[in-house]
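Peer 1: Dumping the structure here so I can ask a few things about it.
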Amino acid sequence: MDSRLTKDMENAGYDVLNPLAEETAPPPRKMRLSPINQRRLMNFKANRRGFWALWVFLVLFILAMLAEFVTNDRPIIAVYNGELLAPVFVDYPEEKFGGFLAVTDYRDPFIQEEIAANGWMLWPPVRYSYRSVNHDIPIPAPAPPSWTMDKEKRCSRYPLGAEDPNCNMGNWNWLGTDDQGRDVLARLVYGFRISVLFGLALTLASSVIGIAAGAVQGYYGGWVDLLFQRFIEVWTAIPTLYLILIVSSFLVPGFWTLFTILLAFSWVALVGVVRAEFLRGRNFEYISAARALGVSNPVIMWRHLLPNAMVATLTFMPFILNGSISTLTALDFLGFGMPPGSASLGELLAQGKNNIQAPWLGITGFIVISLMLSLLIFIGEAVRDAFDPRKSFL
Amino acid sequence: MSENTMTNEPLLSVEDLSVAFTQSGRETLAVDRISFDVRKRETVALVGESGSGKSVSALSVLKLLPYPTASHPSGRILMNGRDLLQADDGEIRKVRGNDVSMIFQEPMTSLNPLHPVEKQIAEILKIHRGMGDAQARTRVLELLNQVGIHDPEQRLNSYPHQLSGGQRQRVMIAMALANEPDLLIADEPTTALDVTVQAQILELLKDLKRKHGMAMLFITHDLGIVRKFADRVCVMTDGKIVEQGPVAEIFDNPQHDYTRHLLAAEPKGQPPATDTEKPIVVQADDLKVWFPVKRGFLRKTVDHIKAVDGIDVTVREGQTLGIVGESGSGKTTLGLAILRMISSTGRIAFKGQDIQTHSWKEMRPLRRDMQIVFQDPYGALSPRMSVAEIVGEGLKVHFPGITAEERDRRVAKALEEVGLDAATRHRYPHEFSGGQRQRISIARAMVLEPKFVMLDEPTSALDMSVQAQVVDLLRDLQKAHGLAYLFISHDLKVVRALANEVVVMRQGKVVESGSSEQIFDAPRTDYTKALMAAAFRLEAAPEGIVSV
């Protein structure tokens with residue numbers, strides 16, 4: 001301990017060796033929310049619509065994240081000859097069960113009988129993956145939902161007709177099939193997952209870049225700000241959609257290709273807001289005080305200014321997320337999105353447009369997309385309410 | 001004092017008035033059953049510290065509170081025998097700006113920045129008197145003349161930002177007077193102004209009141225103003241009027257403890273004795289801060305704004321150098337330049353070492369020894385950090401080696417030293433009062449055990465009684481640690497209590513400098529004399545010596 005401090009403390013009447021208990025008690029960990037955050041949480045909950053939207057969205061999101069356990073063309077677990085198998089995670093070659101394919105087709109009646117004879121297996125509630133084609137639909141694809149048909153009709157293509165063990169609820173097409181005989185519900189669940197994940201990843205990445213860029217511009221100002229702002233003006237003038245069309249003509253578009261191209265343009269969304277907050281904040285007296293203490297610029301930006309900018313950023317985020325999701329959907333709809341065959345909501349809409357005679361395609365796509373976007377907007381509104389400074393201060 | 005104070009019937013009569021604010025279901029009583037009268041041609045002062053409910057009471061008279069968040073559980077406000085609290089929107093609008101008008105504290109934000117002076121004043125005439133353009137213009141010119149604006153024709157098309165603070169307040173007064181109200185409510189009309197301008201504005205208000213025979217309800221925290229300008233005074237604290245009566249009676253024979261406390265709250269005590277033997281901590285020679293004025297396409301520098309223009313400063317260990325001057329005189333710029341927070345030219349030496357050429361990085365180790373305490377106790381503390389984090393931040397920078405427990409102990413000690421309970425250090429700044437926040441600011445500077453502290457108006461945002469406490473605290477800390485202070489203030493009473501040397505600045509230059517006794521007791525220049533007269537006797541200087 002600094003000797004000067006010890007002396008000062010003794011002069012001031014302190015027992016240096018035995019400080020008071022409450023004086024040295026470790027600060028409480030950040031478990032307790034600060035009063036301002038408590039008030040924000042309260043404001044968030046007060047917006048009932050947003051609060052419920054968050055719960056509904058979370059349930060849907062978790063279900064979609066567990067898509068392989070909900071709707072899949074392979075069992076979750078199986079026991080075969082006393083061996084515990086997890087087909088969800090492991091691709092077993094078919095020769096294990098006496099077949100010849102490299103990857104087992106569990107929907108094949110021969111494999112099913114083989115496993116049933118030497119063990120058992122547990123199927124997910126829906127026995128289709130987004131790729132699996134239902135060869136047993138009674139009507140040429142696109143087929144309407146199974147519940148619109150009676151049992152006779154539903155089972156007409158199975159080898160044993162209505163008596164066939166595979167003609168059960170697990171093999172129903174709850175929302176019908178698309179024009180290639182794939183289950184719409186399965187494609188919906190996987191499509192929802194990829195949309196939300198894509199949106200979240202894009203939002204997160206563009207926020208990080210946008211906040212960093214806005215922070216640097218706002219904090220340093222001057223030439224840095226001027227040049228950066230002009231660059232952004234030029235950059236945003238590039239039409240993103242055409243660029244993607246051009247790029248997709250010589251690159252196979254995939255998740256990461258699309259992600260990179262969209263990220264290159266979406267990061268500018270937050271720059272303006274964050275820059276404004278930093279421009280405003282850098283003249284606050286507590287920033288001057290920190291500078292006078294000798295705190296370095298990156299630390300000032302991180303510890304003192306960023307929390308100010310976070311309010312505006314968090315308010316914007318749900319809307320950026322929505323924007324990202326609809327961009328992906330739009331690209332898929334136009335056929336410039338995810339590679340052919342991937343589950344995607346945009347592709348479902350495109351099929352709906354091409355197959356007006358099969359309204360379940362378009363209606364399902366429309367309902368799911370509008371539900372997802374509405375839920376996110378409701379959550380966004382509640383977040384905005386929660387961070388409204390007029391409600392959370394004073 | 002007006003001779004007919006006692007004979008008149010009341011013009012405004014506030015009876016049993018309460019004001020409550022409801023927020024998220026909780027009701028707080030801001031004003032608790034107050035009663036007072038304002039008679040014709042009389043000036044009544046409402047005195048109290050911030051949060052005492054004086055402004056809220058005044059705003060209730062014109063129903064300017066945010067209803068329905070605000071409500072009046074009890075009371076009547078009788079104006080010419082009519083209850084204003086019961087009046088509907090249409091009726092109260094006829095009273096506002098007509099029978100009763102109001103001037104506010106902050107003349108910059110009280111005027112619409114997008115409208116020229118003529119439009120702002122003419123608006124009221126057109127609304128209440130139905131005047132046409134030409135008629136209104138004549139009346140506006142007449143009013144501007146009355147409130148002492150020079151060349152009113154020239155000023156008609158000026159926007160608020162083209163006027164000085166004093167001129168803006170004059171325009172506000174012109175607006176308030178436009179319809180010759182019976183009662184003028186003045187809510188701290190001079191608090192945001194320099195002392196010299198304050199004296200002028202008070203003089204003007206007094207003059208106008210006599211000419212127009214208005215009554216005035218004057219809200220202030222400054223007892224000096226009350227003593228000089230009011231006929232009667234109501235002392236408010238915690239939403240209650242604890243004492244009221246004629247000014248002379250209250251000042252000579254205060255009955256209530258709180259009144260006595262207020263009257264005793266002037267900053268007192270003696271500055272440290274001047275001792276030229278003490279080592280010099282900070283010295284600056286011929287310090288200049290010039291901001292270039294750039295014009296034209298190539299941004300050529302055509303002129304400079306000379307914020308600080310060739311100033312010599314010497315601060316010794318354990319001594320205080322006071323820098324006084326009106327706003328815009330360059331005193332804060334001078335302080336920031338000495339601390340190398342902004343660039344300047346001229347020699348700056350800290351403990352004999354020339355620091356003018358130091359880079360920002362080379363300055364960092366020295367920052368431990370030179371600290372700043374800022375004016376605004378609300379703006380100077382990051383609202384998202386706890387007090388322990390705020391005070392401990394400097395320790396993290398300058399003592400990176402010490403443990404978290406050690407840092408915590410030093411923070412606790414610094415807080416105890418400035419008179420705060422160390423157990424409160426995990427709270428956030430918004431839970432503290434203005435005075436406590438200023439103590440936290442001081443603790444943040446003191447925890448690093450600096451040699452030199454620049455105090456930039458550390459008391460001007462605080463209430464009188466808190467000011468006196470902070471002054472005492474600063475003096476004690478100086479004595480205990482042998483600190484060198486550079487004390488910047490426009491408040492001469494505080495400077496007199498703290499500084500042993502004083503520099504009077506005006507427009508970036510030194511007007512007069514010397515020992516504190518000499519400057520205060522025997523000022524040599526007209527400007528310093530005018531400053532002293534305005535600060536201590538609220539006397540307006542003749543034209544030409546001080547700014548308008």
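Peer 1: Between beta-carbons, use under 13 Å as the cut-off and find the net charge around B:S489, counting Lys and Arg +1, Asp and Glu -1.
Peer 2: -2
Peer 1: Using only the alpha carbons of the protein assembly as shown, determine the length spanned along each of the three principal axes and report them from longest to shortest in whole angstroms.
Peer 2: For the protein assembly as shown, the Cα extents along the three principal axes come out at 116, 73, 64 Å.
Peer 1: Sticking with this structure for a sec: Suppose every K and R has +1 on its Cβ and every D and E has -1 on its Cβ; what is the size of the dipole of chain B about the Cα centre, in Debye to the nearest 20? Mind showing how you got there, number by number?
Peer 2: Numbers: 67 positive and 72 negative charges, 306 e Å.
Result for chain B is approximately 1460 debye, rounded to the nearest 20.
Peer 1: Kindly identify region B:103-256 as rounded, prolate or oblate by the Cα gyration tensor criterion: order the square roots of the eigenvalues as a ≥ b ≥ c, call it rounded if a/c is under 1.5, otherwise compare a/b with b/c, prolate if a/b is larger, else oblate.
Peer 2: Since a/c reaches 1.5 and a/b is larger than b/c, the shape of region B:103-256 is classed as prolate.
Peer 1: Now for a different question. In whole Hz, with x marking every Gly and Pro, tabulate ³J(HN,Hα) for region B:480-493 from phi via Karplus 6.51 cos²θ - 1.76 cosθ + 1.60, θ = phi - 60°.
Peer 2: 5, 10, x, 6, 9, 10, 10, 9, 9, 6, 9, 8, 5, 5
Peer 1: Still on this structure: Can you list the cysteines of the protein assembly as shown that have no other Cys Cβ under 4.7 Å away?
Peer 2: B:C234
Peer 1: Round to a whole angstrom and tell me the spacing of the C-alpha centers of region B:424-448 and region A:76-119.
Peer 2: If you average the Cα positions of each part, the centres end up 70 Å apart.
Peer 1: Gap in Å between the Cα centre of region A:320-348 and the Cα centre of region B:486-548?
Peer 2: 72 Å
Peer 1: Mind giving me the FRET efficiency for B:Q135 and B:H212? R0 is 22 Å, r the Cβ-Cβ distance, nearest 0.05 is fine.
Peer 2: Computed FRET efficiency for B:Q135 and B:H212 comes out at 0.65.
Peer 1: Please compute the Kirkwood hydrodynamic radius over region B:447-523, one decimal place, Å, based on all pairs of different Cα atoms.
Peer 2: For region B:447-523, the Kirkwood estimate is 13.4 Å.
Peer 1: Taking +1 at the Cβ of each Lys and Arg and -1 at the Cβ of each Asp and Glu, which of A:A102, A:A386, A:G362 sits farthest along the dipole of chain A towards its positive end, judged by Cα position relative to the Cα centre?
Peer 2: Toward the positive end, the furthest listed residue is A:A386.
Peer 1: Using 7 Å Cα-to-Cβ label points, what is the A:F231/A:L122 separation (nm, one decimal)?
Peer 2: Modelled inter-label distance: 5.4 nm.
Peer 1: Oh, and also: Roughly what angle does helix B:133-146 make with the longest principal axis of chain B, taking Cα atoms, 0 to 90 degrees, to the nearest 10?
Peer 2: Approximately 60 degrees, to the nearest ten.
Peer 1: With θ set to phi - 60° and the Karplus curve 6.51 cos²θ - 1.76 cosθ + 1.60, what are the ³J(HN,Hα) couplings of region B:520-533 in order, to the nearest whole Hz, using x for Gly and Pro?
Peer 2: Values per residue, Gly and Pro as x: 7, 8, 9, x, 9, 8, 4, 5, 5, 4, 4, 4, 5, 4 Hz.
Peer 1: Local charge sum around A:L202 (other residues, Cβ-Cβ under 15 Å, Lys/Arg +1, Asp/Glu -1)?
Peer 2: 0
Peer 1: Then there's this: List the aspartates and glutamates whose alpha-carbon lies under 14 Å from that of A:K151, not counting same-chain residues fewer than 8 positions away?
Peer 2: A:D136, A:E163, A:D164
Peer 1: Something else about it: Just want the answer: with Cβ charges of +1 for Lys and Arg and -1 for Asp and Glu, which residue in A:A290, A:V133, B:A535 is farthest toward the dipole's positive end in the protein assembly as shown?
Peer 2: Working it through, the farthest residue towards the positive pole turns out to be B:A535.
Peer 1: Then there is this: Within chain A, what is the longest stretch that has no chymotrypsin sites (Phe, Trp or Tyr not before Pro) placed in a DSSP loop and near at most 16 other beta-carbon atoms within 10 Å?
Peer 2: A:101-392
Peer 1: In chain A, if every C-alpha pair distance is counted and binned at 10 Å from zero, what percent goes to each bin?
Peer 2: Over chain A, the share of Cα pairs per 10 Å bin runs 4, 16, 21, 20, 15, 11, 7, 4, 1, 0 percent.
Peer 1: As a quick test, which of the pairs B:K351/B:K493; B:K54/B:K209; B:K54/B:K268; B:K306/B:K331 have an alpha carbon distance above 20 angstrom in this structure? Working shown, then result.
Peer 2: Numbers: B:K351/B:K493 30 Å; B:K54/B:K209 22 Å; B:K54/B:K268 26 Å; B:K306/B:K331 12 Å.
Beyond 20 Å: B:K351/B:K493; B:K54/B:K209; B:K54/B:K268.
Peer 1: Report the gain in length on full extension from A:I367 to A:I76: 0.36 nm times residue separation, minus Cα-Cα distance, nm rounded to one decimal. Please list the in-between numbers first.
Peer 2: Values: separation 291, 0.36 × 291 = 104.76 nm, distance 2.92 nm.
Roughly 101.8 nm would be gained on extension.
Peer 1: I'd like the FRET efficiency for A:Y220 and A:D108, computed as 1/(1 + (r/R0)^6) with the beta carbon distance as r and R0 of 60 Å, rounded to 0.05. Numbers along the way, then the final one.
Peer 2: Numbers: r = 65 Å, r/R0 = 1.08.
With a Förster radius of 60 Å, E is 0.40.
Peer 1: Return the percentage of antiparallel bridges among DSSP beta bridges fully within the protein assembly as shown, rounded to the nearest 5 %.
Peer 2: Numbers: 59 of 98 bridges.
Looking only at bridges with both residues in the protein assembly as shown, the antiparallel portion is about 60 percent.
Peer 1: With the crude spin-label approximation of a point 7 Å out along Cα→Cβ, what separation in nm comes out for B:V293 versus B:D275?
Peer 2: Modelled inter-label distance: 4.7 nm.
Peer 1: Angle check, please: helix A:268-281 long axis (alpha carbons) against the longest principal axis of chain A (alpha carbons), in degrees 0 to 90, nearest 10.
Peer 2: Once rounded, one gets 20 degrees.
Peer 1: Within a 10 angstrom radius of the beta carbon, how do B:F229, B:F350 rank from fewest other beta carbons to most?
Peer 2: B:F229, B:F350
Peer 1: Apply the Karplus curve 6.51 cos²θ - 1.76 cosθ + 1.60, θ = phi - 60°, to the phi angles in region A:127-138 and return the couplings in whole Hz, x for Gly and Pro.
Peer 2: My calculation for region A:127-138 gives 9, 10, 9, 5, 9, 6, 9, 7, 7, 9, 6, x Hz in order.
Peer 1: If I fit a long axis through the Cα atoms of helix B:165-177 and take the longest principal axis of the Cα atoms of chain B, what angle between them do I get, 0 to 90°, rounded to 10?
Peer 2: Orientation of helix B:165-177: about 10 degrees from the principal axis.
Peer 1: So if R0 is 35 Å, what FRET efficiency would B:S343 and A:I238 give, r being the distance between their Cβ atoms, rounded to the nearest 0.05?
Peer 2: Efficiency for this residue pair is about 0.35.
Peer 1: Can you list the lysines whose alpha carbon is less than 20 Å from that of B:K126, not counting same-chain residues fewer than 8 positions off?
Peer 2: B:K94
Peer 1: Per residue and in Å³, how big is the convex hull formed by the alpha-carbon atoms of region A:158-278?
Peer 2: 145 Å³
Peer 1: Just how far, in whole angstrom, is region B:165-223 from region A:166-213 if you go by their alpha carbon centroids?
Peer 2: 69 Å
Peer 1: When the label point is put 7 Å from the Cα of A:L263 along its Cα-to-beta-carbon vector, which residues of region A:203-247 have a backbone N closer than 15 Å?
Peer 2: Backbone N within reach: A:203-213.
Peer 1: While we're on this one: Tell me the Kirkwood hydrodynamic radius of chain B in angstroms, computed as one over the mean inverse distance between distinct C-alpha pairs.
Peer 2: On the way: mean 1/r = 0.0390 Å⁻¹.
It works out to 25.6 Å.
Peer 1: Given 0.36 nm per residue, what is the gain on full extension from A:F255 to A:L279 after removing their alpha carbon distance, in nm?
Peer 2: 5.0 nm
Peer 1: How big is the dipole moment of the protein assembly as shown about its Cα centre under a simple scheme where the beta carbon of each Lys and Arg is +1, that of each Asp and Glu is -1, and everything else is neutral? Debye, nearest 20, please.
Peer 2: Its charge dipole is roughly 1300 debye.
Peer 1: Still on this structure, I have one more. Once you keep just the Cα pairs under 8 angstrom separated by 6 or more residues, what percentage relative contact order results for region B:300-414?
Peer 2: Value for region B:300-414: 13 percent.
Peer 1: Which lysines, if any, have their Cα less than 18 Å from the Cα of B:K361, not counting same-chain residues under 8 positions apart?
Peer 2: Reachable lysines: B:K396.
Peer 1: Same structure, new question: Under a point spin-label approximation (7 Å from Cα along Cα-to-Cβ), what is the A:D179-A:M310 distance to one decimal in nm?
Peer 2: Output for this residue pair reads 4.9 nm.
Peer 1: Could you work out, residue by residue across A:280-287, how many beta carbons of other chains sit within 10 Å of that residue's beta carbon, and then give the average as an integer?
Peer 2: 5
Peer 1: With the contact rule set at Cα under 8 Å and sequence spacing of 6 or more, what percent relative contact order holds for chain A?
Peer 2: 19 percent
Every number in this text was worked out from the coordinates using simple rules, so none of it is lab data. Keep in mind that what you see is a predicted model, and the values were worked out from it rather than measured. Backbone-built Cβ (ideal geometry, glycine too); neighbour counts: all protein chains shown.
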